[in-house]
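Engineer: I have a structure here, written as structure tokens, and I will follow up with some questions on it.
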Amino acid sequence: MSDFLLELRSEEIPARMQDKAREDLARLFAAELDKAGLKAAELVTYATPRRLALIARGLPAQTEAVSEETKGPRVGAPPQALEGFLRKAGLTQDQLVERDGVYFAVIDKPGRATAEVLAEAIPAIVRAFPWPKSMRWGEASLSTESLRWVRPLQGIVALFGDEVVEFEVAGVRSGAATVGHRFHHPGTITIGSAADYVEKLRACHVVVDQAERRNIIALGAKMAAQKAGLTLIEDEGLLIENAGLTEWPVPLLGRFDEAFLDVPPEVIQLTARVNQKYFVCSDASGKLANAFVCTANIDATDGGAKIVEGNQKVLAARLSDARFFYETDLKVPLENRLPQLESMLFYEGMGTLRAKAERIAALAEFICTHYFPERDPATARRAGLLAKADLATGMVGEFPELQGIMGGYYAEAAGEKPGIVAALNQQYVAAVEGCIPACVALADRIDSLAAFFAQGIRPTGSKDPFALRRAALQTIQTILVNGTRIDLKRVFAQAVLGLGAPGEEGAVGPDLDPTELLDFFADRLKVQQREAGVRHDLIDAVFALGGEDDLVRLLSRVHALQAFMATDDGANLLAGYKRAANILKKEGYAASDTAGHPGPVPGSTAPQATASREEGWTPEQVRGDEVAGVEQAPREAPAFAGATALGYAPEPAEAALIAALDAAEPKAAAAVESEQFEAAMAALATLRSPIDAFFTDVTVNDADPAKRESRLALLARMRDAVHRVADFGKIEG
């Protein structure tokens with residue numbers, strides 16, 4: 001067994017492409033090995049700005065011999081068919097194998113040298129490599145058939161064991177030579193094998209392992225900040241990017257003028273991060289400090305003083321630009337920028353951003369009026385109107401990531417109320433806290449959902465280009481974090497109303513049924529709660545009750561149900577319920593809804609009965625027989641008369657269940673009404689023992705029709721009492 005080393009050296013590979021390139025190299029290489037019947041014990045990949053490398057460990061010296069069998073025409077087929085098959089297989093007729101009246105070509109292929117397989121595979125991998133962006137170069141680029149690579153390919157190392165695997169790709173021949181660091185060791189390095197690759201490059205100032213470079217930067221940046229009495233503000237994405245820009249990373253601390261700290265800290269951090277790839281630091285109080293950490297790609301003889309000096313000048317220029325944008329924006333109040341939104345389209349067919357701002361304002365006022373009565377609806381309206389105004393500012397034009405954040409700063413500078421400032425600051429936060437901010441965030445997201453749904457734009461499968469699922473989840477999170485008792489269907493209806501009537505000037509799309517939005521939210525809530533550890537069947541059990549759009553109340557019921565089902569009382573009551581429900585379904589008793597009205601029998605396609613037995617049902621109809629050839633509807637459970645009016649002496653277990661229901665039903669109903677769902681579950685728990693005893697001691701299908709009907713009605717009463725809390729039929733177990 002030997003190891004194989006491949007290094008593809010080029011000009012600088014963009015940092016954002018390196019991790020994906022390593023994955024693609026391993027995938028393509030494994031696929032080529034698989035075609036040849038080879039498999040490596042381990043594949044390791046590396047990427048630096050100038051090289052993409054792979055080490056395949058534990059490859060055999062040659063592939064195993066294989067026998068390939070190809071099915072041909074039947075014996076007696078036309079001569080032309082047989083001749084064509086022989087030409088394709090490269091055999092004569094006497095070399096074919098006949099089996100069950102069919103010719104087969106059996107070709108034994110001897111094993112091949114692994115080096116030979118690799119020599120064919122690597123050029124194929126290089127030519128098929130899926131770079132997001134690639135280029136052609138040199139004279140060969142005049143032809144569209146020339147090699148495309150991310151940057152001009154300069155060298156290839158290919159070693160199987162300590163032997164070079166010979167091949168050529170676009171004029172670049174494979175070998176054992178590479179180069180070290182561009183400045184510290186620009187000369188040629190000869191690699192002996194995969195075993196010494198990493199260490200030889202390290203000796204030449206190249207850390208080839210990307211994970212090691214990240215660790216060097218993370219530790220070095222922290223130490224540089226701590227040495228200056230500061231704390232590094234960590235940034236994982238920036239760490240990965242810096243590691244992709246350097247082969248010999250050296251973190252260095254620099255400073256900028258304190259006067260720039262008058263600019264919002266988010267602006268400074270984004271300027272340093274996006275334009276210069278710098279980390280920033282905070283002081284002992286947690287505020288942004290006038291310091292940054294850059295990552296050099298050289299171990300300078302002066303300790304990096306010149307590098308720091310140059311980076312300080314560049315950052316000062318960038319921060320000067322940022323301060324100019326900020327100070328210019330402050331001269332124009334947000335309210336005065338609203339006319340600019342009239343020329344900015346929200347989305348095709350959905351009006352301008354000014355129209356959206358008006359819709360957000362109206363809906364935020366509606367939400368505040370009905371669900372935050374202690375707050376000022378006029379403040380919510382103004383916050384909603386100004387929410388998108390910062391999109392017309394120079395700073396947000398330069399840094400779109402700062403939308404919302406800058407609006408808060410500009411509103412505060414203009415003397416707007418704290419609630420408005422908070423609303424503008426938080427509008428893009430996942431779970432918005434506070435009354436006015438919540439009103440604006442809810443209005444913004446619900447309006448967007450209504451607008452897209454009205455246009456027929458909805459998530460499909462894994463596709464959700466406008467992040468509508470995320471908008472729904474964030475709406476749910478905002479409602480739950482604030483404990484807002486909001487009637488979603490009512491708010492959805494108001495949002496749809498704000499879109500305008502079909503055909504009306506400025507209307508957004510055709511009419512929309514708010515129930516579609518409610519169903520979409522129900523699906524998102526199920527996903528969110530499953531991720532939070534709530535059983536999906538319990539969510540379904542509560543959703544099945546219908547008519548519930550208060551998420552706080554709904555989840556309170558779900559959580560109480562989950563806690564109850566984790567107890568023995570819950571498990572046993574569920575078993576008793578299912579037994580009762582199965583008997584009733586078999587007998588054709590319709591289920592009742594939470595209000596006690598008859599509902600459809602689960603799984604039945606027959607029409608629902610509207611007349612009770614006393615209103616003209618014959619005994620044959622009650623038994624479910626057909627009368628005059630007409631299929632009968634499922635029976636409605638007759639009203640239970642109570643123990644004193646049964647007309648017969650109930651058995652002890654029957655009387656005990658009647659008494660338990662007499663006590664539990666009103667308690668459970670009152671508890672549900674007052675939203676004390678734990679108490680409702682406790683009331684249902686008292687039915688456990690009576691139900692168990694009833695099924696043990698009482699014959700439901702008694703020979704006496706009166707007893708049979710009364711006992712079925714008693715089971716229907718128990719089932720419907722449980723349904724007032726949740727549809728236990730949806731619960732698994």
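FYI, it's all coordinate maths here, none of it is from the lab. All values derive from a computational prediction rather than experimental measurement. No Cβ is skipped: glycine too gets one built from the backbone with ideal geometry, and neighbour counts run over all protein chains shown.
Engineer: If one computes the Cα centroid of the stretch 513-536 and of the stretch 17-59, what distance in Å separates the two points?
Structural biologist: Going from one Cα centre to the other spans 42 Å.
Engineer: If I take every Cα pair under 8 Å that is 6 or more residues apart in the chain, average their sequence separation and divide by the length, what percent do I get for the relative contact order?
Structural biologist: Across the chain, relative contact order equals 7 percent.
Engineer: Under 24 Å from the Cα of Lys35, which lysines turn up, not counting those fewer than eight places away in the same chain?
Structural biologist: Counting by Cα, and skipping residues close in sequence, Lys35 has these lysines nearby: Lys20, Lys71, Lys88, Lys109.
Engineer: In whole angstrom, how far apart do the alpha carbon centroids of the stretch 109-141 and the stretch 384-421 sit?
Structural biologist: 52 Å
Engineer: Counting other Cβ atoms within 10 Å, which GluC sites (Glu not before Pro) in the stretch 1-87 have at most 16 and lie in a DSSP loop?
Structural biologist: Glu11, Glu12, Glu64
Engineer: Right, something else. Mind checking which lysines have their Cα closer than 20 Å to the Cα of Lys463? Skip sequence neighbours fewer than 8 apart in that chain.
Structural biologist: Straight-line reach from Lys463, under 20 Å: Lys526.
Engineer: Can you tell me how the stretch 129-243 classifies by the Cα gyration tensor, rounded, prolate or oblate, using a/c under 1.5 as the rounded cut?
Structural biologist: Note, shape of the stretch 129-243 comes out oblate.
Engineer: Now, a different point. For the stretch 297-365, place one equal point scatterer on every Cα, skip the solvent, and apply the Debye formula. What is log10 of I(q)/I(0) at q = 0.14, 0.16, 0.18, 0.26 Å⁻¹?
Structural biologist: Ignoring solvent entirely, the Cα scatterers give -0.66, -0.73, -0.82, -1.05.
Engineer: Next question. P(r) for the stretch 509-596, please, calculated from all Cα pair distances in 10 Å bins and given in %.
Structural biologist: Spelled out bin by bin, the stretch 509-596 gives 14, 38, 32, 14, 3, 0 percent.
Engineer: I'm checking a number: the convex hull volume of the Cα atoms of the chain, normalised per residue, in Å³. What is it?
Structural biologist: Per-residue hull volume (Cα only) is 320 Å³.
Engineer: If you average the C-alpha positions of the stretch 428-470 and of the stretch 142-156 separately, how far apart do those two centres end up, in angstrom?
Structural biologist: The two parts, judged by their Cα centres, are 45 Å apart.
Engineer: For a 23 Å ceiling on Cα separation, which of these pairs sit above it: Lys39/Lys133; Lys200/Lys222; Lys277/Lys313; Lys133/Lys313; Lys277/Lys331; Lys586/Lys730?
Structural biologist: Those over the limit are Lys39/Lys133; Lys200/Lys222; Lys133/Lys313; Lys277/Lys331.
Engineer: List the GluC sites (Glu not before Pro) within the stretch 352-420 that DSSP assigns to loop and that have no more than 10 neighbouring Cβ atoms inside 10 Å.
Structural biologist: Sites meeting the loop and neighbour criteria: Glu374.
Engineer: Are there chymotrypsin sites (Phe, Trp or Tyr not before Pro) in the stretch 166-208 that DSSP puts in a loop and that have at most 16 other Cβ atoms within 10 Å, and which ones?
Structural biologist: Phe183
Engineer: Determine the calculated [θ] at 222 nm for the chain from helices alone, applying -39500 (n - 2.57) to every DSSP H run no shorter than 4 residues and normalising by the residue count; nearest 500 deg cm²/dmol.
Structural biologist: When only DSSP H runs of four or more count, the value is -15000 deg cm²/dmol.
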